[in-house]
Structures are given as structure tokens and as C-alpha cells.
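Take a look at the structure below.
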Amino acid sequence: MSQLNYVPTVPADLALRWGDPEIIQGPELARAFVWEVDPSGDGVVFARADTRESESRRAHQLVELLDQVTEHARRPRWALLTLWCSGALAYEERPDLQYIDRVIRSGECAWVAFGDAADVARNTLCAWRFYGTLRSAGTSLFLASHDGFVDLERMQASPIRGKDLPSLHALLKGRGSSA
């Protein structure tokens with residue numbers, strides 16, 4: 001099947017696990033799939049795939065991330081998987097970040113979990129805008145690569161510039177964390 005004829009669909013293993021998701025259409029092929037996995041939870045676990053080849057890997061990563069935050073005594077409310085969504089898109093074009101922004105602003109989300117800082121965004125302005133949303137709302141950030149919550153105030157003061165943003169997780173290794 002050529003890329004031109006491809007439309008991202010709900011990964012079958014996740015549909016079996018959690019049922020039918022809410023589907024949020026982004027630009028072109030980008031789609032965000034959102035499952036409410038625990039109505040009493042207070043956070044979002046997130047994975048993003050920007051190519052067809054990485055879809056099954058990211059679906060598996062989403063389940064692993066959910067298990068990892070559960071080990072840190074957190075109850076995820078939502079699992080969010082975005083397919084065919086480039087990390088280089090602007091904030092307003094990202095269906096995943098728009099969804100997370102909405103649940104943060106509604107007061108329903110106390111924390112957000114990503115596999116790695118590079119999963120947040122490759123677009124520097126987009127990433128800093130998202131981190132600003134987290135900081136201003138008092139929402140915690142969990143990075144699996146950090147195996148815990150990170151200090152958003154240290155991120156704000158860090159010397160990260162432009163293309164170095166995907167290496168943020170390296171800066172955070174060994175630093176203090178906050179819940």
C-alpha cells in the first residue's frame with residue numbers, strides 16, 4: 001500500500017485492550033487516538049509516531065509507559081497515541097498537544113508522561129510553549145527516559161537552544177525530580 005493511499009487506523013491490539021478511542025484529526029494524515037483507561041486517573045500517557053513503520057513500536061511503547069507510571073504510583077486517565085504526526089509541526093497543528101492542553105486547562109490533568117523529551121516536539125517554539133503550559137498550570141512532566149518526573153523550573157533555566165531540544169533528556173539525567 002502506498003503512503004498516498006494510507007490512512008492511519010486504530011492499532012488492533014490497543015482497540016482490543018481499551019475499546020474504541022476518541023479520534024482527533026490533525027493536518028493531512030495526522031490522527032490522535034485517545035482512550036480513557038481509568039476515569040479516576042489524573043494524567044495522560046502519550047506516544048507519537050511520525051512514520052508508518054514506527055506505529056506498532058509506539059503502540060507497544062504506550063503500554064509500557066502506562067505500566068511505568070503506574071509503578072510510580074500514578075493512575076493514568078488517558079492513553080494518547082498520535083500517528084503520522086511530525087514533531088516539527090507548530091503547536092496549533094498538533095492534535096495531541098491540543099488535546100493535552102485542553103485537559104490541563106480544564107483541571108482534569110495533573111501530570112503528563114512521555115517516553116522522551118524528543119517525543120514532545122522537534123519544533124523548539126512548540127516545545128517551549130508546551131512546557132510553559134505545564135509550568136503555568138502546575139502540571140508535572142514524567143519522562144520514561146528519566147524514569148520519573150522532571151523539574152520544569154530547571155528546564156526553563158537550561159541552556160537548551162534550537163536543534164539541541166531533542167537532547168533535553170540527556171540534560172535531565174541525574175538531576176532532581178519533582179512530582
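If you filter the range 9-26 down to residues that are touching a Ser or Thr at 6+ places or on another chain (Cβ under 9 Å) and assigned to a loop (DSSP other than H, G, I, E, B), you find that the one that is modelled with the highest pLDDT is G26.
Condition test on Y99, is it closer than 26 Å to E28 by Cα, modelled with pLDDT under 90 and aromatic (F, W, Y)? The answer is no for Y99.
Here the condition is being surrounded by fewer than 18 Cβ atoms within 10 Å (Cβ to Cβ) and either in a helix (DSSP H, G or I) or within 13 Å of the chain's Cα centre (by Cα) (or both); of R58, R102, it holds for R102 alone. Determine, yes or no, whether S140 is surrounded by fewer than 19 Cβ atoms within 10 Å (Cβ to Cβ), in contact with a helix residue (DSSP H, G or I) (Cβ under 8 Å, 6 or more places away or on another chain) and over 18 Å from W18 (Cα atoms). The answer is no for S140.
Residues of the range 61-97 that are within 17 Å of R17 (Cα to Cα), in a helix (DSSP H, G or I) and among the hydrophobic types (A, V, I, L, M, F, W, C): L62, V63, L65, L66. D38 meets all of the listed conditions (1) buried (at least 18 other Cβ atoms within 10 Å of the Cβ); (2) out of contact with any Gly (no Cβ under 7 Å at 6 or more places or on another chain); (3) part of a loop (DSSP other than H, G, I, E, B) but one, namely (1). Residue count for the range 114-158, restricted to those that are in a helix (DSSP H, G or I) and touching a Phe, Trp or Tyr at 6+ places or on another chain (Cβ under 8 Å): 10. Looking only at the range 119-143, residues that are under 11 Å from the mean Cα position of the chain (by Cα) and either within 21 Å of R74 (Cα to Cα) or modelled with pLDDT of 90 or more (or both) come to 6 in all.
The values are calculated or read from the model by the stated rules, or taken from the named source; none is laboratory data. Because the structure is a prediction, the values reported are computed rather than measured. We place every Cβ from the backbone using ideal geometry, glycine too, and count neighbours over all the protein chains shown.
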